[in-house]
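Structure first, then comments.
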Amino acid sequence: MTALLTFEPYVLTPLVHNVPGIHMSFFLTFYIDEPSLAIPPLEAGVNRLIELLPFLAGNVTPSIQLKGKENVYEVQPPTAKFLQEHSMLRIKYHEHYVSPKSPGAFSFSNESSIDERFIPMPFEMALAELIPVLRLQANVMHDSIVLCISFHHMAIDGYGALNLSR
């Protein structure tokens, strides 16, 4: 992401103020012969997504628009520094095979979503003042890419995340 993304900050609806401030993650597995060749198109796709929906690069934070109200949150545009420190797409290489055809293949399970090797943000980030709306991590394996998509549940629900993955 080279250009700074801007959008008008907006207050989240009262309904989500009761939702826990957590990131939900899910994984999409793409079995391909040369996983490293799929990284440039994946980067281009993430850049295009953020150009179309810039709020996805934003941060959930306590509201500064409705001062004096407790438990009210908003989505604000990211700073260039924040985006540099917490890029939209992390790429991490692993020494695993995940294809069921591979002997001794690594199996992603529910526990993988709490393994910080495979997710784009550390868990302590949920306690930060600025919490990303969406971040992705491409886990490049020997025989595949396992894409982890993590979204802040106050800003995006499961149905919204499903639509983003399409």
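The values are calculated or read from the model by the stated rules, or taken from the named source; none is laboratory data. The structure presented is a predicted model; accordingly, all values stated were derived computationally and were not measured. Using ideal geometry, Cβ is built from the backbone for each residue, glycine included, and neighbour counts are taken over all protein chains shown.
Looking only at the range 67-82, filter to residues that are aliphatic (A, V, I, L, M) and touching a strand residue (DSSP E or B) at 6+ places or on another chain (Cβ under 9 Å); which one of those is surrounded by the most Cβ atoms within 10 Å (Cβ to Cβ)?
Of the range 67-82, the ones aliphatic (A, V, I, L, M) are 72, 75, 80.
Checking the rest, the ones that are also touching a strand residue (DSSP E or B) at 6+ places or on another chain (Cβ under 9 Å) come to 72, 75.
Numbers: Val72: 16, Val75: 24.
So the residue we want is Val75.
For the range 34-72, what are the residues that are among the small types (Gly, Ala, Ser) and in a helix (DSSP H, G or I)?
To start, the set of residues in the range 34-72 that are among the small types (Gly, Ala, Ser) comprises 36, 38, 44-45, 57-58, 63, 68.
Across the range 34-72, the qualifying residues are Ser36, Ala38, Ala44, Gly45, Ala57.
Give the range 1-15 a look and list any residue that's free of Cβ contacts under 8 Å to residues at least 60 places away in the same chain and under 24 Å from Tyr159 (Cα atoms), or say none.
We begin by selecting, within the range 1-15, every residue free of Cβ contacts under 8 Å to residues at least 60 places away in the same chain; these are 2-3, 8, 13-15.
Listed by number, the residues that qualify are Glu8, Thr13, Pro14, Leu15.
Going by what's in this entry, would Pro78 be described as part of a loop (DSSP other than H, G, I, E, B) and either charged (D, E, K, R) or at pLDDT below 90 (or both)?
Numbers: part of a loop (DSSP other than H, G, I, E, B): yes; either charged (D, E, K, R) or at pLDDT below 90 (or both): no.
No: the conditions fail for Pro78.
For (1) at pLDDT below 95; (2) part of a strand (DSSP E or B); (3) touching an Asp or Glu at 6+ places or on another chain (Cβ under 6 Å), each residue gets a yes or a no:
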site	(1), (2), (3)
Ser87	no, no, no
Lys92	no, yes, no
Tyr97	yes, no, yes
Lys101	yes, no, no
Phe118	yes, no, no
Met125	yes, no, no
Gln137	no, yes, no
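Quick one: which residue in Ser165, Ser63 is surrounded by 16 or more Cβ atoms within 10 Å (Cβ to Cβ), among the hydroxyl-bearing types (Ser, Thr, Tyr) and at negative phi?
Details: Ser165 fails: surrounded by 16 or more Cβ atoms within 10 Å (Cβ to Cβ).
Answer to the check: Ser63.
Looking across the range 116-130, the residues that are surrounded by fewer than 23 Cβ atoms within 10 Å (Cβ to Cβ) and of a type in the set (A, V, I, L, M, F, W, C) come down to Phe118, Met121, Phe123, Met125, Ala126, Leu127, Ala128, Leu130.
Here Cys148 meets each of (1) part of a loop (DSSP other than H, G, I, E, B); (2) surrounded by 17 or more Cβ atoms within 10 Å (Cβ to Cβ) with one exception, condition (1). Applying a threshold of 7 Å to beta carbon distances and a minimum spacing of six or more residues, or different chains, the list of pairs starting in the range 16-44 at a residue that is modelled with pLDDT of 90 or more and ending at one that is exposed (fewer than 15 other Cβ atoms within 10 Å of the Cβ) and among the aromatic types (Phe, Trp, Tyr) reads Ala38/Phe30.
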